[in-house]
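See structure below.
The values are calculated or read from the model by the stated rules, or taken from the named source; none is laboratory data. All figures in this text were calculated on a predicted structure; none of them were measured in a lab. We place every Cβ from the backbone using ideal geometry, glycine too, and count neighbours over all the protein chains shown. Just so you know, the surface numbers come from the protein's heavy atoms only, side chains and all, with ligands and any DNA or RNA stripped out. Shrake-Rupley method; radii C 1.70, N 1.55, O 1.52, S 1.80 Å.
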Amino acid sequence: MKSVDLFGYKVYENGDIIGLRGVKINKNRPQIKVYWGKNRKQKEVSYARFVYYAFNFKTFNFHDKSIIIDCKDGNKNNYSIDNLIAIKRGKMYQVENNS
């Protein structure tokens, strides 16, 4: 299984994150607290956004809030990198309103 190291966290392609102390982070919470960046400041981030960023850090601007990360299959506990998709905020609302 493929994995990426991001700020000391090990992020696996199935969506599992191993924290700084070697303990698996709970997937059932939509937000997680991580020590972020070079300054190691604690920040609360979206679990899905963190996983997506780990595998797409070269092309994805984490701080661009006009892009949200959603699950393709609608299962909010399936954070597999194959199940995550970046969507412009306006396009997501258009789709929801048309259904």
Whole-Hz Karplus couplings 3J(HN,Hα) for the range 29-45, θ = phi - 60° and coefficients 6.51, -1.76, 1.60, Gly and Pro as x, run 9, x, 10, 10, 9, 10, 8, 9, x, 5, 7, 6, 7, 6, 9, 8, 10
Mean accessible area per residue over the range 3-99 (1.4 angstrom probe, all protein chains present, square angstrom) is 65
Taking GLU13, GLU44 and ranking on accessible area (1.4 Å, protein atoms only), highest first, one gets GLU44, GLU13
At R0 = 25 Å the Cβ-Cβ FRET efficiency linking PHE60 and TYR35, nearest 0.05, sits at 0.80
Which residues qualify? For TRP36, with a placed amide H closer than 5 Å and at least 5 residues away or on another chain, they are LYS41, GLN42, LYS43
With only helices counted (DSSP H, runs n ≥ 4, each -39500 (n - 2.57)), the per-residue ellipticity at 222 nm for the chain, to the nearest 500, works out to -6000 deg cm²/dmol
Residues whose built amide H sits under 5 Å from the amide H of ILE67, excluding neighbours closer than 5 in sequence, are ARG89
Per the rule of 0.36 nm per residue minus the C-alpha distance, extending VAL23 to ILE87 adds in nm 20.0 nm
For the chain, the percent of accessible surface on carbon and sulfur atoms (probe 1.4 angstrom, ligands and nucleic acids excluded) is 48
For Cα extents along the principal axes in Å the list reads (1) 37, 26, 23; (2) 45, 26, 23; (3) 40, 25, 22; the calculated value is entry (2)
Sequence order, the range 7-24: Karplus ³J(HN,Hα) from phi using 6.51 cos²θ - 1.76 cosθ + 1.60, θ = phi - 60°, Hz rounded, Gly and Pro as x, gives 6, x, 8, 9, 10, 9, 5, 7, x, 6, 10, 9, x, 5, 9, x, 9, 5
Extension length gain for ASP70 and ASP5 (0.36 nm per residue less Cα distance), in nm, is 21.2 nm
Calc'd 3J(HN,Hα), the range 76-86, phi into Karplus 6.51 cos²θ - 1.76 cosθ + 1.60 (θ = phi - 60°), Hz, glycine/Pro = x, comes to 6, 10, 9, 9, 4, 4, 6, 9, 9, 9, 8
